[in-house]
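Structure record follows, encoded as structure tokens.
The values are calculated or read from the model by the stated rules, or taken from the named source; none is laboratory data. What you are looking at is a predicted structure, and each value in this text was computed from that prediction instead of being measured. Neighbour counts are summed over all protein chains in view; Cβ atoms, including those assigned to glycine, are modelled from backbone coordinates with ideal geometry. The accessibility values were calculated without ligands, DNA or RNA, using every heavy atom of the protein model including side chains. Shrake-Rupley method; radii C 1.70, N 1.55, O 1.52, S 1.80 Å.
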Amino acid sequence: MGCKPVIRYTARRIFQLIPVLFGVSIIVFAIINLIPGDPAQVILGERADAESIQKLRHELGLDLPLYQQYGNYLLNILQGDLGTSLVTGKAISEELLPHLAATAELTLFAMIFAVIVGVNVGIVSAWKRNTWIDYIPMLLALVGVSMPIFWLGLMEQWLFGLQLEWLPVLGRNDPRVTVETITHFYLIDTLLAGNYEQFWSSVRHLILPAMALGTIPMAYIARMTRSSMLEVLKHDYVRTARAKGLHEFFVVYKHGLKNAFAPVMTIIGLEVGRLLGGAVLTETIFGWPGVGQYIYNAIGYRDYAVIQSGILVLAVIFIVVNLIVDLLYSYLDPRIQYK
Amino acid sequence: MKKLAIKTSVVLLAALLALTGCSSGSNPSDKSSEKSASEKILVVGRGGDTVTLDPAQSTEDESNRVTEEVVETLVTYKKGTSDLSPLLAKSWEVSPDKLSVTFKLEENVKFHDGTPFNADAVVFNFERWWDPNHPYHQGTFSIFKTDMGGFKGDDSTVIEGIEKVDDHTVRVKLKHPFAPFVAMLTEPQYGIVSPESLKKSNGQFKDQLIGTGAFQFVSWTPNDKVVLKKNPEYRVPGFPKVDQLIFQVIKDNSARLNALKSGQIDLMEGVNPSDVSSLEKLPNLKTYTSASNNVGYLSFNTKQKPFDDPRVRQAISMTIDKQALIDAFYYGQAEPAVTILPSGSWGFNKELKTYPVDIEKAKQLLAEAGYPNGFQTELWAMPVARPYMPQPEKIATALQASMKQIGVDAKIVSFEWATYLDKVQSGEAPMALLGWSSATWDPTTMMYTHHRSTDSVPTNNISMYKNPEVDKLLDDALQEPDQEKRAEMYKKAQEIIYQDAPINPLVHSTPVRAASARVANYVPQVTYGPQFTDVDLTN
């Protein structure tokens, strides 16, 4: 596989982003303007009078015709300006960054948990198929997929936080500690500051929400790995490997997993994209200031600017993550080539 | 591929070690909190984030809760009571003609930026709120406008002007007597901020808030926390007691309670009423119940048929068992409402009794109104829980069953919150659940807002109620300086409204907070005013 086709393929995919994002921006703009509710009314609260509301509408530019509002928005976006929040008056890029970092950190941990547990459970299930070692994890995976995440979160808090007292139940770090932020990734920032105690505390704070958030992807991954492995283990080259006298572990993990991984990769990619979009429920339960909270709040306040730009950024992330997954396919399976 | 596999295994192994390392860890509490044991840090868990740091622009409680600890008002309420008490004003005096109020200010007070607090600062702040041409009048100042009737130049404003009498005395002149004026100044929107800081920041409050309060603003991390620290030069020696005050957002009530039990936060607002009895059994936690100054109500749209007939409204009112609602949905943490005013208000009419449950009488009234077999309608339920309405959909279901007894077949309708408010305040709902938490103890904030007729929408008078007699009483009571005479007017108005039944006040809920037993001297504030100046943390 030469380098050039990949670059061309990537360039084409990035170019394809433009119509997609344009479509996303139009849809989001249309939806938020179609749903009732007025940002000015929500910002000013229940006690505001009609005149104040009108004044604020004017200040926010909400009294302009819709095409003009959309035009202004598009113009700003094209200049790389995500706009300012209608509610707080701060630059959205500035506000979005810490929330995105919080979400990315949580997603990373959730996916590490999901991949380690999910892939291994899937492999072992396939390996020992139709035994209790297969049935029990697959039953648990089914439960995992169907579990209400807020319930799971509260149960984890109860068990690991309150009964066993192993782990903190809230936030990215101890509320009494203020982490000096540079990158807004607490794990990186605490290491940069050389504060290993806070680093460790940040890791501990990540575990429960990551487990809660990772449970559903874990279950998907386990089921996908199992079915993909079952398929692969039937092939001749697996029989050959066994015939060579390779240890069963290497047969399964080396020869089997490598070939079974492509569909699992797709699931991982989709789940990473989904989790990076923010997980409102997990963030709510664990007081996690992520991007889901940020946009969810914005919807409550009808902060049109934040909703539009936030969703646009998430769409970009989602597409980029999927592009990376697509590129990884050829790495996993050289037969897949990009043209 | 091999390299990738090896790299991946190393990363995975490290992560696994981290995971197992944690789960076998034996230090239950965070080390960081042990380290900070010498510093007293009080963490308050709350359900929502601050929206603005500008006290004058704030329209909701989460912002107010922070600004009132940093920025002081001239007047406040004594904690947990309805008694006015001095704060930045040592005293105040209403002139004999009731047309001006003179405030004597505290002396030797400094803002957190070191500039002096004096009459000039008060005049500056007042003009910022009041004068649309003031250079720092940026925003809507909607609470000021609602309270004071308008801005400088408006005919409707009650303010004639403000003047400095001497360095520590200011006088506010009124166009006509306006009885609730001083009580309104307790609201956080009337907090006095440092004029110099405003000039420096060009009127912006994005990352700063400079007042005279017991705590200084340090930082605000959106959707996470607001950090305040002790003002070392607070004018009352020995206060505040704690070194840092942190407001931590945890939206979910149950998760917030878990955080309190685990010691990650010290005090929480919004305890689920259903959790109260189990909490009271825990030795290391305390619960606090404060008097009620809110109301949850069922509103009838008096402009829509069949609710334009008072007999229909009375009939439905006679089907509602308020005590049963309180037992089922408030777990006893509420008092049945008779009128819109809670029984602790000085304007409350004690002669009135809540409509008794009387199905026969209700059926008879409905028949007289021309609906012997009842009718079909809609009952709108709020999509969000509020202290005065903790489980709106379930309460709606209970009310639906009550009405069914007299043949009123109500379909329950709900919308997302902003949509709901918009539609309800525009008069679209036949029947709707809503409520109100009052900003002051002055009866006008409840009565005028909900029962004074108005032609403009959206309005808080969501029943679209209009009774000229009530309008006159409410208008007159605003101008009457004598509290006893005002009380009589409000009582008379309540009598009329009781008969007209534009709303059915269901309950006044008593909000519950909980705190670690380490928290000392905490008295919850019912309306507004600093709560944490004298709160301490013990070991």
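Per this entry, B:Val271 is counted among residues that are assigned to a loop (DSSP other than H, G, I, E, B) and assigned by TED's automatic domain parsing to the domain that holds B:Val523.
The residue list A:Ile136, A:Ile112 contains one member that is surrounded by fewer than 22 Cβ atoms within 10 Å (Cβ to Cβ), aliphatic (A, V, I, L, M) and modelled with pLDDT of 90 or more, which is A:Ile112. Considering only residues of the stretch A:85-99 that are surrounded by 20 or more Cβ atoms within 10 Å (Cβ to Cβ) and facing chain B (nearest Cβ under 9 Å), which is nearest to A:Tyr301 (Cα to Cα)? Residue satisfying both the conditions and the ranking: A:Val87. None of B:Val75, B:Val43 is in contact with a Pro (Cβ under 9 Å, 6 or more places away or on another chain), of a type in the set (A, V, I, L, M, F, W, C) and within 30 Å of A:Arg302 (Cα to Cα) except B:Val43.
For every residue, the table says whether it meets (1) at pLDDT 80 or above; (2) surrounded by 12 or more Cβ atoms within 10 Å (Cβ to Cβ); (3) closer than 30 Å to B:Thr157 by Cβ.
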{"residue": "A:Gln16", "(1), (2), (3)": "yes, yes, no"}
{"residue": "A:Ile35", "(1), (2), (3)": "no, yes, no"}
{"residue": "A:Ala50", "(1), (2), (3)": "no, yes, yes"}
{"residue": "A:Leu56", "(1), (2), (3)": "yes, yes, yes"}
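Out of all the residues in the stretch B:297-314, is one or more touching a residue at least 60 places away in the same chain (Cβ under 8 Å), crowded, with 17+ Cβ neighbours inside 10 Å and farther than 27 Å from B:Ala429 by Cβ? Within the stretch B:297-314 (the criterion being touching a residue at least 60 places away in the same chain (Cβ under 8 Å), crowded, with 17+ Cβ neighbours inside 10 Å and farther than 27 Å from B:Ala429 by Cβ), the answer is no, since none of the residues qualifies.
Screening A:Phe185, A:Phe160 for residues that are open to solvent by 50 Å² or more (accessible area, probe 1.4 Å) and either modelled with pLDDT of 90 or more or closer than 29 Å to B:Trp220 by Cα (or both) leaves exactly one candidate, A:Phe185.
State all residues of the stretch B:247-265 that are more than 27 Å from B:Asn125 (Cα to Cα), buried (at least 24 other Cβ atoms within 10 Å of the Cβ) and not polar (S, T, N, Q); if no residue qualifies, say none. Scanning the stretch B:247-265 gives B:Val249, B:Ile250, B:Arg256, B:Leu257, B:Ala259, B:Leu260, B:Ile265.
Let's see how each residue does on (1) closer than 26 Å to B:Ile143 by Cα; (2) more than 14 Å from chain A (Cβ to nearest Cβ):
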site	(1), (2)
B:Val413	no, no
B:Ala429	yes, no
B:Gly435	yes, no
B:Ser438	yes, no
B:His450	yes, no
B:Leu474	yes, yes
B:Gln479	yes, yes
B:Tyr498	no, yes
B:Asn504	no, yes
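If you go through the stretch B:378-389 and keep only what is under 21 Å from B:Gly270 (Cβ atoms), more than 15 Å from the chain's Cα centre (by Cα) and open to solvent by less than 30 Å² (accessible area, probe 1.4 Å), you end up with B:Ala381, B:Met382. What number of residues in the stretch B:36-49 are at the interface with chain A (Cβ under 9 Å from one of its Cβ atoms) and modelled with pLDDT under 90? The qualifying residues number 4.
Taken over the stretch B:496-539, the criterion of being closer than 20 Å to B:Asp266 by Cβ, touching a Gly at 6+ places or on another chain (Cβ under 9 Å) and β-branched (Val, Ile, Thr) is satisfied by B:Val512, B:Val523, B:Thr533. When restricted to residues that are open to solvent by 30 Å² or more (accessible area, probe 1.4 Å) and either among the hydrophobic types (A, V, I, L, M, F, W, C) or over 18 Å from B:Val123 (Cβ atoms) (or both), the stretch B:184-200 contains 1. Exactly one residue out of A:Leu159, A:Leu142 is touching a residue at least 24 places away in the same chain (Cβ under 8 Å) and more than 21 Å from the chain's Cα centre (by Cα), and it is A:Leu142. Considering the stretch B:347-363, the residues that are open to solvent by 30 Å² or more (accessible area, probe 1.4 Å) and in contact with an Asp or Glu (Cβ under 9 Å, 6 or more places away or on another chain) include one that is farthest from B:Ile503 (Cα to Cα), namely B:Glu351. Restricted to the stretch A:278-339, the set of helices (runs of 4 or more DSSP H) holding at least 2 residues that are on the phi < 0 side of the Ramachandran plot and more than 10 Å from every other protein chain (Cβ to nearest Cβ) comprises A:291-301, A:304-332.
For the stretch B:474-485, filtering for residues that are assigned to a helix (DSSP H, G or I) and open to solvent by 10 Å² or more (accessible area, probe 1.4 Å) leaves 7.
In the set A:Val280, A:Val291, A:Val321, A:Val264, only one residue is within 19 Å of the chain's Cα centre (by Cα), under 21 Å from A:Ile216 (Cα atoms), without any contact (Cβ under 8 Å) to a residue 24 or more places away in the chain and open to solvent by less than 60 Å² (accessible area, probe 1.4 Å); that residue is A:Val280. Which of the residues that make up the stretch B:203-255 are within 13 Å of chain A (Cβ to nearest Cβ) and among the charged types (D, E, K, R)? Passing the criteria: B:Lys206, B:Asp207, B:Asp224, B:Lys225, B:Lys229, B:Asp243, B:Lys251, B:Asp252. Take B:Asp275 and tell me if it is out of contact with any Leu (no Cβ under 8 Å at 6 or more places or on another chain), farther than 18 Å from A:Asn173 by Cα and of a type in the set (D, E, K, R). Judged against the criteria, B:Asp275 is not a match.
Residues that are without any contact (Cβ under 8 Å) to a residue 40 or more places away in the chain and in contact with an Asp or Glu (Cβ under 9 Å, 6 or more places away or on another chain) number at least 2 in the following helices (runs of 4 or more DSSP H) confined to the stretch A:185-260: A:186-192, A:196-233. Filtered by the rule that a residue be touching a Lys or Arg at 6+ places or on another chain (Cβ under 9 Å) and over 18 Å from A:Glu283 (Cβ atoms), the stretch B:43-60 gives B:Val43, B:Val44, B:Leu53, B:Ala56, B:Thr59. B:Thr444 meets each of the listed conditions (1) of a type in the set (Ser, Thr, Tyr); (2) within 12 Å of another protein chain (Cβ to nearest Cβ); (3) open to solvent by less than 20 Å² (accessible area, probe 1.4 Å) apart from (2).
Within the stretch B:140-187, the residues that satisfy the criterion of being of a type in the set (Val, Ile, Thr) and either farther than 23 Å from B:Pro443 by Cα or out of contact with any His (no Cβ under 8 Å at 6 or more places or on another chain) (or both) are B:Thr140, B:Ile143, B:Thr146, B:Thr157, B:Ile159, B:Ile162, B:Val165, B:Thr169, B:Val170, B:Val172, B:Val182, B:Thr186. Only one of the listed residues (B:Asp500, B:Asp471) is open to solvent by less than 50 Å² (accessible area, probe 1.4 Å) and either under 24 Å from B:Ala385 (Cα atoms) or in contact (Cβ under 8 Å) with a residue 40 or more places away in the chain (or both). That residue is B:Asp500. Within the stretch A:92-105, the set of residues being in contact with a Leu (Cβ under 6 Å, 6 or more places away or on another chain) and among the aliphatic types (A, V, I, L, M) comprises just one member, A:Ile92.
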